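Peer 1: Take this structure, written in structure tokens, and hold onto it; I'll ask about it next.
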Amino acid sequence: MPYGYPEFPGGHQGYQGYQGYQGYQGQGLPGYGWPAMPMTPANGMGVAALVLGIIAAAGFCLWPLAIVLGILAIIFGAIGRGRARRGEATNSGQALAGIICGVAGIVLAVALLVVLIVTPDDAFEEGGASGDGGYSTSVAVSL
């Protein structure tokens, strides 16, 4: 017996390792164990649609940006609604709100654009179209 290792019954030397529970050795049951983790919902498109729609509706004064953001909100909202319909996402309402806010932002931006195009240029100049704009340009102070 080299180096003082004890001898086990059956002639084996040293640590033999854990043999496992002998009654179930080699009888692994398929289908048991840890269950698979459920997939997290893909809510990114609905959230993006809502954020872009709110920015488009609130910032309609920057009408070129509002139109672009509104179109993106409608596209992302439609994709998000499709994902929610297939069960891949859980925020169908957010996607719908993004579509609604995106449409509102586009409508407000186009209305502002029409007002800016239709309004005559001299209405914004000093004096207006009639010369004084209906207001006196001098201040009268009486003592």
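Peer 1: Taking the stretch 28-105 on its own, what percent of its Cα-Cα pair distances exceed 18 Å?
Peer 2: Of the Cα pairs, 45 percent sit more than 18 Å apart.
Peer 1: Follow-up. Can you list the HN-Hα couplings for the stretch 86-91, worked out from phi with the Karplus curve (6.51, -1.76, 1.60; θ = phi - 60°), rounded to whole Hz and with x for Gly and Pro?
Peer 2: Each residue's phi maps through the Karplus curve to give 7, x, 7, 9, 10, 10 Hz.
Peer 1: Quickly rank 101-108, 85-92 as a protection proxy: mean count of other C-beta atoms within 10 Å, highest first.
Peer 2: Listed from highest to lowest mean packing, they are 101-108, 85-92.
Peer 1: What FRET efficiency comes out for the pair TRP34/ARG86, r = Cβ-Cβ distance, R0 = 35 Å, nearest 0.05?
Peer 2: Result of the calculation: an efficiency of 0.85.
Peer 1: Now for a separate question. Can you list, largest first and rounded to whole Å, the semi-axes you get for the stretch 36-76 by taking the square root of 5 times each eigenvalue of its Cα gyration tensor?
Peer 2: Those come to 29, 8, 5 Å.
Quick note: the coordinates plus some simple rules give every number you see, no bench work behind them. Quantities reported herein were computed from a predicted structural model and do not represent experimental measurements. Here the Cβ is made from the backbone with ideal geometry for all residues, glycine too, and neighbour counts use every protein chain on show.
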